[in-house]
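Read through the structure below, which is laid out as structure tokens, and then see the notes.
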Amino acid sequence: MAADVLPESRCEFLEQIRADAGFPAHHQCRIGGGDVVRRGFIMKTASVSTAIVDETKRGKVLSMRRVALGAVTGLIASLIMAMYAMIAALTYQGVGFFTPLYHIASLVISPDHMMMSMQQADAGQSFAFYAGPALVGAAIHMMTGAAFGAMFALIAGAARLRGIAVLVAGVLWGVVVYLSSAFVLLGLAATAFGSGDQIKNMGSLVGQGTFFVEHVIYGAALGALMWRAARRAR
């Protein structure tokens, strides 16, 4: 029998003696069935496998953090967008300060409060407030903003965007959200919830120019917030 190839029990026994004496362990052992394997290779393979598992876990954790960051920044950006929409509604549109919230809420409830707010604005009362519909509209708007923010965070992370590129990408993302909402998603939502034309044609009712600017503001705010968050994390 070769000196460096031993039955498993003898191999383990002699290796223990060598280890106690301070000598390096044998690199070969005969293991069940007569196959010869190198322990150094086994240990290296195990180390690589562990590293792959650890990297996978780190990747999942990082993705979850990106989603959370995107959701939070998307929610904040949606509030900035909503503020612009409400100021526009109060000023040059003249339909009432809270009307955008009632308009959004009409996805799931009656559009009556939207119509009443517009009528009140025509009568000179631009701040007609109905708490329930306002909260519903705000909740829908913020959840939508958070969802689009999470999607943007995953895309930006996959593309490894850094610095000013995040801000530019955020503006472009706002344009993408505008196009998809105005021409696809709002129509699908109106059909799914049986909401009617006030949702399907939201862009036209608001004014496509204003609707476009709202979404660019959303994208710019989203990109700026994520850029700032990334800089603070360094």
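Listed values, structure above:
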{"quantity": "Residue count for the stretch 111-135, restricted to those that are open to solvent by less than 50 Å² (accessible area, probe 1.4 Å) and part of a loop (DSSP other than H, G, I, E, B)", "calculated": "3"}
{"quantity": "Counted residues, the stretch 93-115 - those being of a type in the set (A, V, I, L, M, F, W, C) and within 13 Å of Gly132 (Cα to Cα)", "calculated": "7"}
{"quantity": "Among (1) closer than 28 Å to Ser63 by Cα; (2) buried (at least 20 other Cβ atoms within 10 Å of the Cβ); (3) among the aliphatic types (A, V, I, L, M); (4) without any contact (Cβ under 8 Å) to a residue 60 or more places away in the chain, the one test that Ala156 misses", "calculated": "(4)"}
{"quantity": "Flag if Ala189 is surrounded by 19 or more Cβ atoms within 10 Å (Cβ to Cβ), of a type outside the set (Phe, Trp, Tyr) and in contact (Cβ under 8 Å) with a residue 12 or more places away in the chain", "calculated": "no"}
{"quantity": "Residue match in the stretch 65-85 (condition: surrounded by 12 or more Cβ atoms within 10 Å (Cβ to Cβ), modelled with pLDDT of 95 or more and touching a Pro at 6+ places or on another chain (Cβ under 6 Å))", "calculated": "yes"}
{"quantity": "So Ala88, is it touching a residue at least 60 places away in the same chain (Cβ under 8 Å) and either open to solvent by less than 30 Å² (accessible area, probe 1.4 Å) or of a type in the set (Gly, Ala, Ser) (or both)", "calculated": "yes"}
{"quantity": "Which listed residue, of Gln208, Gln198, is under 23 Å from Met115 (Cβ atoms), modelled with pLDDT of 95 or more and open to solvent by 30 Å² or more (accessible area, probe 1.4 Å)", "calculated": "Gln208"}
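The values are calculated or read from the model by the stated rules, or taken from the named source; none is laboratory data. Source: prediction; values computed, not measured. In this analysis, Cβ positions are derived from the backbone assuming ideal geometry, glycine residues included, and neighbour counts consider all displayed protein chains. Just the protein is used for accessible areas: all its heavy atoms, side chains included, with ligands, DNA and RNA removed. Shrake-Rupley method; radii C 1.70, N 1.55, O 1.52, S 1.80 Å.
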